[in-house]
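What follows is a short report on a single structure.
The values are calculated or read from the model by the stated rules, or taken from the named source; none is laboratory data. None of the values given here were measured: they were computed from a predicted structure. When we count neighbours, we look across all protein chains shown, and the Cβ atoms used for this are built from the backbone with ideal geometry, even at glycine. For accessibility, only protein heavy atoms count, side chains too; no ligands or nucleic acids. Shrake-Rupley method; radii C 1.70, N 1.55, O 1.52, S 1.80 Å.
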Amino acid sequence: MAEAAVKRQPETTTAEHDLTDGFHLVIDALKLNGIETIYGVPGIPITDLGRMAQAEGIRVISFRHEQNAGNAAAIAGFLTKKPGVCLTVSAPGFLNGLTALANATTNCFPMILISGSSEREIVDLQQGDYEEMDQLAIARPLCKAAFRVLHAADIGIGVARAIRAAVSGRPGGVYLDLPAKLLSQVMDAQAGAKSLVKVVDPAPAQIPAPAAVKRALDLLRSAKRPLIILGKGAAYAQADDAIRALVEKTGIPFLPMSMAKGLLPDTHPQCAAAARSTVLKDADVVMLIGARLNWLLSHGKGKTWGESGSKKFIQIDIEPKEMDSNVEIAAPLVGDIGSCVSALLEGIDGKWPALPADWLGAVKAKTEENIAKMAPRLMKNSAPMDFHSALGALRTVIKQRPDAILVNEGANTLDLARSVINMYQPRKRLDVGTWGVMGIGMGFAIAAAVETRKPVLAVEGDSAFGFSGMEVETVCRYNLPVCTVIFNNNGIYRGTNVNPTGGADPATTVFVKGARYDKMMEAFGGVGVNVTTPDELSCAVNAAMDSGKPTLINAVIDPAAGTESGRMGSLNPQSVVRQK
Ligand SMILES: Cc1ncc(C[n+]2csc(CCOP(=O)(O)OP(=O)(O)O)c2C)c(N)n1
Ligand SMILES: [Mg+2]
C-alpha cells in the first residue's frame, strides 16, 4: 500500500524530507508512547533501526546475547509499568529473546519483543531465506499477544496494540514482528505522522464490584487468625501507600513473596516472613494480594497449609481466571490492585475489630525464635565463608543502603539470601520469579541500573552467573553502578560432588575449582576483587557502592556448605533403581 502511494508521486517533485519510512515510523511510534530505552542485539535487519533510534534520542543498550536483553526489557517493565522493549534480529536472535518473553509472560512483566524477520513470500513458501522462520507462529503460544505489521501505514497501530496488550489487565509479554521490507517501506511523511497512535490510558483501572468488596471485608472481619500475603503483583501495582495502610489499619500479619519483600519493610512489626510455616499452617483466613496460589505457595493446599481444609481465601487479582485455580476462593476480588485495596480501605473504619492477642502473640513468638536462631550464623567471620556468614555481611550493606536494588539468583545463594537479607523499600528485590529461572542476573542488573539510576547489588551463584556472565562487558561498556558478588562454591549446589564412575570427567554439578571470576571483570576495565572473609566482602561491596564503578567480587564459599537444590530439594524426582 505504502509502496504504491510512493510510486504514484513523480520523483522530481518528491523531496526526501517529505517522505518517511518504516524505520522512522517505528521509532516515532515508540517515542510518542514514552518508550525511552531499547534493549537489544544488532544485526540484519535491525542494525540501522538501533542506530537511528539512538540518533533520535532513545537510549539503546546493546547486549552480548538476546536473552539478557530480553530479561532487561522485562524487568524494566516491572519497574516502570511501561513495556520494556527488546529488539532482536530474525530466527536465532528472535529465539534467544523468546525465553525472556515467555518468562516475562509467566511473571506478568510487561514487555515487547520486537524482532526483524525475513521475507514473508519466501518464508511462507519455505524457500530457504536468510534466517528463515515463521516467527509469529512460534511466538504466539509463548506470550500474551503477537502481531505482525506488513504496511508502514500500520506501524502506529501495531505499536499501539503491542503496548496496550502488554500493560492492560494482567501484564505480560507481547511479540511484534517487523519484516525487513517493512523497515525500508516509504510513505508520505505527513500521512505517516498522522498514522501514529498515542495510547490513551494504556492500563485502565479496573474497579472491583461493591458486592465483592463487601464479601471480602465481611470474611476478613470474621477472621480469628488472618494473614495477608503480598505477591509481586502487589509490588508491580505501585499502590504502596494504600497497601501499607490496609496492613497497618487491620493489624493483620503479612507475608511477602520474594519480589514483594520491602513493600513494607521486612523489619515491620507485622512482618511474618520468619514465621512462614506457622502462619501458612495456622491462619484461618488468608488474603492474597497480587499473589497466585501456584507451586510457590504449595497450591494453597496440603501439609504446608495445615490440611484441615477449613481455610478461607480472599484473592485480589486483575485476572478473573486466577480465581479457583487451585482451591476455592471464598471471596474473589477482581480488579486492579490499587483500586481493590482502596475500596477495602474505604470499608475499614474505627470499628475494625482488634485481632485476637493469642494469634498475634503466636506469630511474634515464632518470628523472634527463628530470628534468634539465625543470628549467630550470620555473625561468623570465618574463611572459607559459608552462605550465612557471607550473607550476614550483605544484609548489613542493604540495611545501610536501603535504596540499592538487589538482584539475586542461584539455588542456595537465592534461597538463603531471600531469608537473610531484609528489604526496606518496594521493588528493590529482583529475582528468578515464578519459574526459578537461571540467567536473569546481568539483564536484570543492567536494566535496574539504567531505569532507576540506583546502585545495584547482584548476588549470584557461580552457576547462575554463568548464564549471563558475558554481560559484565556490557556493565563496563555503559559504566553502570553494578556490583556483582559471585558466591563461588565451585559448582551447582555444592562443589564437592564426584563422578560416580571414578572416571576423569568431573561430576555433572561441579566447575573448575578455585575459579577467579574477578579476573573476567578486569579484562573489561572493571574492578575485580577476590574475597575470602565476610569482612573483606563487606569492604569490597561498600567500596563498589561508594564508587559506583562496575565491580565483580569473587566470594569464596565453602564448597561443602550448600544443599541439593537449595531449599527445593523435595521437588527432585527420586529413582527407585538408584535407591536399591
Ligand atoms: C534456565 C535454567 N537452567 C537450569 C536450571 C536449574 N538450576 C537451578 S539452580 C541452578 C544453579 C545453582 O547453582 P549456583 O547458582 O551456583 O547456586 P548455589 O546453590 O551453588 O549457591 C541450576 C542450574 C534453572 N533453574 N534454570
Ligand atoms: Mg554454586
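Positive contributions from Lys and Arg (+1) and negative ones from Asp and Glu (-1), summed over other residues with Cβ under 11 Å from the Cβ of PHE444, come out at -4. Only protein heavy atoms count here; on that basis, with a 1.4 Å probe, TRP435 has an accessible area of about 130 Å². Quick one: helix 357-379 against the long Cα principal axis of the chain, what's the angle to the nearest 10°, folded into 0 to 90? Roughly 80 degrees between the two axes. Shape of the stretch 275-315 from the C-alpha gyration tensor: rounded (a/c under 1.5, with a ≥ b ≥ c the square roots of its eigenvalues). The share of accessible area on the chain that comes from carbon and sulfur is 55 percent, using a 1.4 angstrom probe.
Loop-located trypsin sites (Lys or Arg not before Pro) across the stretch 182-223 with a Cβ neighbour count of 14 or fewer within 10 Å are LYS198, with loop assigned by DSSP.
Here the chain is described by how far its Cα atoms reach on the three principal axes: 86, 66, 53 Å, from widest to narrowest.
For a modelled paramagnetic label at GLN400, 7 Å from Cα along Cα-to-Cβ, the residues of the stretch 359-384 in reach, with backbone nitrogen under 17 Å, are 379-381.
The slack in the chain from ASN294 to TYR478, taken as 0.36 nm per residue of separation less the alpha-carbon distance, amounts to 62.5 nm. The trypsin sites (Lys or Arg not before Pro) found in the stretch 290-319 that occupy coil by DSSP, while having at most 16 further C-beta atoms within 10 Å, are LYS301. Averaged per residue, the stretch 139-277 has 39 square angstrom of accessible surface, using a 1.4 angstrom probe with ligands and nucleic acids left out. Were the residues from PHE524 through GLU307 laid out at 0.36 nm apart, the gain over their Cα-Cα distance would be 72.7 nm.
Within the shell of other residues whose beta carbon sits under 14 angstrom from the beta carbon of THR532, the net charge comes to -3, with Lys and Arg scored +1 and Asp and Glu -1.
Using a probe of 1.4 Å, the accessible surface attributed to ILE114 totals some 10 Å² when neighbouring protein chains are kept in position. The 1.4 Å probe gives accessible areas that order SER117, SER382, largest first, as SER382, SER117. Net charge of the neighbourhood of VAL472, taken over other residues with C-beta under 12 Å away and scored Lys/Arg +1, Asp/Glu -1, is -2. Here is how the number arises for the chain: DSSP H runs of 4 or more residues each give -39500 (n - 2.57), the sum is divided by the residue count, and the result at 222 nm is -11500 deg cm²/dmol. Taken as Cα centroids, the stretch 207-249 and the stretch 91-124 sit 36 Å apart, rounded to the nearest whole angstrom.
The residues of the stretch 358-517 expose, per residue, 38 Å² of accessible area to a 1.4 Å probe.
Label separation (GLN190 vs ALA375): 7.6 nm, computed from points 7 Å beyond Cα along the C-beta direction. Of the cross-linked pairs LYS232/LYS549; LYS31/LYS232; LYS312/LYS364; LYS399/LYS428, those separated by over 24 Å at the C-alpha level are LYS232/LYS549; LYS31/LYS232. Quick one: if the Förster radius is 35 Å, what FRET efficiency do VAL327 and SER62 give, using the C-beta to C-beta distance and rounding to 0.05? With R0 = 35 Å, the Cβ-Cβ based efficiency is 0.15. When every Cα-Cα distance of the stretch 175-306 is counted in 5 angstrom steps from zero, the calculated P(r) takes the values 2, 8, 15, 17, 15, 10, 5, 5, 6, 6, 5, 4, 2, 0 percent. Here the chain is treated with +1 on each Lys and Arg Cβ and -1 on each Asp and Glu Cβ, and its dipole about the Cα centre works out to around 2020 debye.
The slack between ARG215 and ALA560, meaning 0.36 nm per residue of separation minus the straight C-alpha distance, is 119.0 nm.
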